[in-house]
1. Which condition breaks for SER105 when tested against (1) over 22 Å from ARG179 (Cα atoms); (2) open to solvent by 70 Å² or more (accessible area, probe 1.4 Å); (3) under 15 Å from the mean Cα position of the chain (by Cα)?
2. I want to confirm something. Restricting to the stretch 108-117 and keeping residues that are over 17 Å from VAL42 (Cα atoms) and not polar (S, T, N, Q), which single residue is surrounded by the fewest Cβ atoms within 10 Å (Cβ to Cβ)?
3. Could you list, in sequence order, the residues of the stretch 89-102 that are farther than 18 Å from LEU15 by Cβ and crowded, with 19+ Cβ neighbours inside 10 Å?
4. Quick one: how many residues across the stretch 152-189 are part of a helix (DSSP H, G or I) and modelled with pLDDT under 80?
Amino acid sequence: MANIEDFSCLHAGNLYSEDTGELPDPLKKAFQQSESRSEAIVAVLDRVLLALYPQGPNNPEMLFSAHFPGGEKAIPVFSSLAALQKIYPQARPLPINIREIAKASFVHGSGLLVLDFQLPTQLYIGRSAALALSAGIAWQPAWRDTKLQIRLQQDIGKAAVEISQLPEFFHGVQLREGRFGSCILQLNIVPGTPRAQVEELVKQATTVLSTPTYREVLLEPLEIMPVFSKDFYSEPINARKEP
């Protein structure tokens with residue numbers, strides 16, 4: 001939990017004092033999307049609700065914290081009063097603009113948020129999305145970055161050559177949207193490849209991702225997923241074409 005007094009944005013007057021806590025229509029539509037769901041949700045986030053934990057008459061209220069992939073802590077925010085009360089029924093809801101709490105998350109926290117924590121509408125808001133929200137600009141997730149995928153293809157491809165004298169077992173990479181806003185690095189591998197080679201490739205891919213070059217740009221929760229595939233992808237799938 002975090003002390004509410006650390007978050008000055010919560011004391012500057014609230015623009016949503018008349019808010020009833022209903023789920024906004026744009027967010028309701030974004031939740032229903034089957035494709036590009038994470039981007040659609042982030043694009044329409046405006047008012048969210050914080051869950052405040054009462055500490056007693058002489059103590060400041062506290063903000064709840066939520067678990068984030070990788071073991072880090074995040075600030076939970078909620079799309080509606082109904083959603084908040086399902087998880088924290090005793091909490092006091094506080095409506096706030098997403099931009100303000102995104103900014104505060106970098107000053108007093110880890111720069112991580114979770115929308116609708118532990119609910120079917122949950123979305124992990126990683127640092128790249130939180131940065132975009134705090135600046136009021138459009139968010140481009142890693143799986144939309146064509147150049148990044150090409151660089152990963154090259155760097156992980158080099159590792160595949162070192163693993164085996166038959167580097168054809170590796171058919172390339174894809175960055176794609178995962179569940180709840182995570183990013184999946186898919187390693188496309190020829191069916192029948194020995195398990196030892198697959199495990200070594202995952203290990204090498206993890207090493208590649210741990211370098212500063214990728215730590216600075218891959219800010220979403222990331223999962224490495226080897227997939228057996230007969231197809232060779234000449235260009236990253238899910239990458240938005242440059243105009």
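1. For SER105, the exception is condition (2).
2. HIS108
3. Hit for the stretch 89-102 is ALA91, nothing else.
4. Our first condition is that a residue be part of a helix (DSSP H, G or I); within the stretch 152-189, this holds for 152-163, 167-169, 179-181.
Subsequent filtering for residues that are modelled with pLDDT under 80 retains 159-163, 167-169.
Number of matching residues: 8.
The values are calculated or read from the model by the stated rules, or taken from the named source; none is laboratory data. Please read all numbers here as calculations on a predicted model, not as lab measurements. Reconstructed Cβ throughout: ideal geometry from the backbone, glycine too, with neighbour counts over all protein chains shown. Only protein heavy atoms, including side chains, enter the accessible area calculation; ligands, DNA and RNA are left aside. Shrake-Rupley method; radii C 1.70, N 1.55, O 1.52, S 1.80 Å.
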